[in-house]
Amino acid sequence: MKQIVIISGKGGTGKTVVTGAFASLAKNKIMADCDVDAADLHLLLKPEIKKRHEFKSGVTAFIDKELCSQCGQCVQVCRFSAVEIGKNVSGEKEFTIDPIACEGCAFCSFVCPTEAIKMEENISGEWYISDTRFGPFVHARLGIASENSGKLVALVKQKAKELAEKQNCDWIIIDGAPGIGCPVIASLSGIDYALVITEPTLSGLHDADRVIQVVKHFKISVRLIINKYDLNKEMTEKIEEYCKNNNIPLVGKISFDESMVKAIIEGKTIIEYGYGKAREEITAIWDTLQKEEQK
């Protein structure tokens with residue numbers, strides 16, 4: 001079983017479109033979306049959710065008003081001004097915790113003499129196991145302003161691997177997050193190689209180089225695809241030279257193709273759309289990747 005993650009140095013390079021195309025082409029596979037902060041692979045795959053689970057991460061303080069003696073020690077020690085003093089409906093003084101301001105350090109619970117402050121785990125999002133027209137799909141949604149996206153990515157990858165092992169799959173195809181942050185680092189764990197998508201611009205090369213350096217830091221094999229390469233052939237040549245100088249396999253180039261846009265509008269992958277130069281080029285890239293694994 002091979003695990004590949006499709007990533008990019010920045011958003012909007014065509015990463016999810018390529019992932020969706022691979023989902024159309026690959027046989028006996030599991031798909032996973034590890035871009036949990038802004039997931040969009042589901043827009044192409046149109047999943048039917050079969051299992052839904054809460055994702056819990058981090059803690060927030062809560063005050064048991066029956067136990068609270070209103071001594072004020074929690075107010076004195078909280079450096080985030082999360083403990084608020086107000087009045088209840090009866091006009092009596094009342095201590096409460098602002099859940100947005102609370103950082104979950106638990107210091108207030110340690111100093112509370114009556115043990116009135118408890119730390120409760122946060123529900124930070126959801127993760128799902130779904131069916132699609134291409135097969136099983138593991139994905140997630142991080143809550144608004146919630147943290148620990150890296151932890152949720154690790155969970156999605158773990159569940160995808162468990163499902164792939166159970167079904168004896170040949171591939172796990174992972175749509176990673178853009179950039180070089182925690183979600184990207186978490187998505188790189190345990191994979192066979194990373195496929196970086198870039199565009200023929202100076203900033204595209206710069207961002208691709210940053211994420212490639214992250215991949216290399218973890219001693220993971222990396223390959224590159226240039227999307228919309230024909231829009232700036234001079235810059236495409238510079239990216240090709242970069243690949244040559246840094247021993248990075250360039251597994252393919254994808255043309256700018258209006259059929260790609262039309263396919264997205266119809267909610268289809270470019271492979272399902274049925275024609276177009278980009279369709280042929282992505283199919284050739286997938287064939288190249290398969291041949292590499294057969295060597």
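Since every read-out is calculated from the coordinates, none of them should be taken as a lab result. Keep in mind the model is a prediction, meaning the values are calculated, not measured. Please note: Cβ atoms are built from the backbone with ideal geometry, for glycine as well, and neighbour counts cover all protein chains shown.
Net charge near residue 35: determine it from the other residues with C-beta under 14 Å of the C-beta of residue 35, scoring Lys and Arg +1 and Asp and Glu -1. Combined, the nearby Lys, Arg, Asp and Glu give 0. Exposure proxy shown here: for 19, 288, the number of other Cβ atoms within 10 Å sets the order, fewest to most, as 288, 19.
By the Cβ distance rule (another cysteine Cβ under 4.7 Å), the unpaired cysteines of the chain are 34, 68, 71, 78, 102, 105, 112, 169, 182, 243. Note on segment 210-295: along the principal axes its Cα atoms extend 39, 34, 21 Å, ordered by decreasing extent. Quick check: net charge around residue 102, other residues with Cβ under 15 Å of its Cβ, Lys/Arg +1 and Asp/Glu -1? For residues surrounding residue 102, the net value is -4.
In the chain, the ratio of gyration radius to Kirkwood radius, Rg to Rh, stands at 1.11 when only Cα atoms are counted. Within segment 137-248, the proportion of Cα pairs with more than 25 Å between them is 32 percent.
Pairs of Cα atoms nearer than 8 Å and 6+ residues apart set the relative contact order; for segment 88-151 it is 19 percent.
A Förster distance of 45 Å, applied to the separation of the beta-carbon atoms of residue 79 and residue 49, puts the FRET efficiency at 0.65. Note on residue 288/residue 265: beta-carbon distance plugged into 1/(1 + (r/R0)^6) with R0 of 30 Å gives a FRET efficiency of 0.60. Inter-label distance, residue 96 to residue 240: 6.5 nm, where each label sits 7 Å from its Cα along the C-beta direction. In segment 1-126, the ratio of gyration radius to Kirkwood radius, Rg to Rh, stands at 1.23 when only Cα atoms are counted. Each of residue 89 and residue 167 was given a label point 7 Å from its Cα along the Cα-to-Cβ line. The distance between the two points is 5.1 nm.
Summing +1 for each Lys or Arg and -1 for each Asp or Glu among the other residues whose beta-carbon sits under 14 angstrom from that of residue 118 gives -4.
The value of relative contact order for the chain, using C-alpha pairs under 8 Å at least six residues apart, is 26 percent. Find the centroid of the Cα atoms in segment 215-270 and in segment 1-46, then give the distance between the two in whole Å. After rounding, the separation between the Cα centres reads 15 Å.
Would you mind giving the three semi-axes, in whole Å and largest first, of the ellipsoid equivalent to segment 65-115 according to its Cα gyration tensor?
Values: eigenvalues 65, 37, 14 Å².
Largest first, segment 65-115 gives 18, 14, 8 Å.
Packing here is the average count of other Cβ atoms within 10 Å per residue, and on that basis the peptides 82-95, 130-143, 167-180, highest first, run 167-180, 130-143, 82-95. Calculated mean residue ellipticity, 222 nm, the chain: -11000 deg cm²/dmol, from DSSP H runs (n ≥ 4) at -39500 (n - 2.57) each, averaged per residue and rounded to 500. Here r is the Cβ-Cβ distance between residue 119 and residue 275 and R0 is 45 Å; the resulting FRET efficiency, rounded to 0.05, is 0.20.
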